[in-house]
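Below is one structure, written out as structure tokens; the observations come after it.
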Amino acid sequence: MNRSAKVFAALLAGVLLTSCGRPAVEAPQPQASSTAASPAVASAVIDRWDALMPEKDSFQRPPPQIGLSRGNGMDGVGGLIDDNGSGSLPGQAIDHSSPVRAQQFGSSAVVDGVDGRTLDLDGYVVPLAMNDAGQVDELLFVPFYGACIHVPPPPPNQIIHVTLATPITMGALWDPYRLSGRLQVKHFEADIASASYDAAAATLSAISR
């Protein structure tokens, strides 16, 4: 990938987290299933984001839905809140006047049992790199589209670093996609966020609304 493509990719990734014009959008989630371990579950396709969190993390806050109901009786504007009380509390207005990007927090703990399992997961794309044709070939896959730099990125164990088998031409940054591939427990570090998981030679398909 040439230098100009790298620069454009970095700018595109920044746009995703600097635009404050749209509300955060959460990826569709199936209903919760039993956490009881079994050989069938251990080899099942991963189609839920909470399958990537250890059980002790499962009580953490829902993704931010700015200006919308957060569920579980928590309404109003607000960002993420971690176990130590860091972040924006439910009902607390986000300070959009600050030029400082909200920092990532939350758990990076992984579920060892998901290593090597097949992915069929819905979410959103944060572009990291493009080829010379302007197609995205490396990205972070996340459970919600963060509409603003003042909304923290998801926790590391809710982000998957992806390299695509076939690069794609991106639509709107808030368009949902389905990720298919094989998951690997592997740490990845980027300027905007870190990820606890990786999927190489994966495929993305746009989801019709």
Interchain or long-range residues, amide H under 5 Å from F144's placed H: A27, Y124
Heavy-atom SASA rank of R117, R101, R182 (probe 1.4 Å, accessible area, largest first): R182, R101, R117
Label-point separation in nm, D115 to D47, each point 7 Å along Cα→Cβ: 2.6 nm
Label-point separation in nm, S205 to E55, each point 7 Å along Cα→Cβ: 3.4 nm
Simple spin-label estimate for A133 and S97 in nanometres, 7 Å along Cα-Cβ: 4.8 nm
Shape call, segment 108-199: gyration tensor on alpha carbons, a/c limit 1.5: oblate
Additional length obtainable on full extension of the chain from R178 to A165, 0.36 nm per residue less Cα span: 3.3 nm
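The values are calculated or read from the model by the stated rules, or taken from the named source; none is laboratory data. This is a predicted model, so every value here is computed, not measured. So basically every Cβ, Gly included, is an ideal-geometry build from the backbone, and we count neighbours across all protein chains shown. Just the protein is used for accessible areas: all its heavy atoms, side chains included, with ligands, DNA and RNA removed. Shrake-Rupley method; radii C 1.70, N 1.55, O 1.52, S 1.80 Å.
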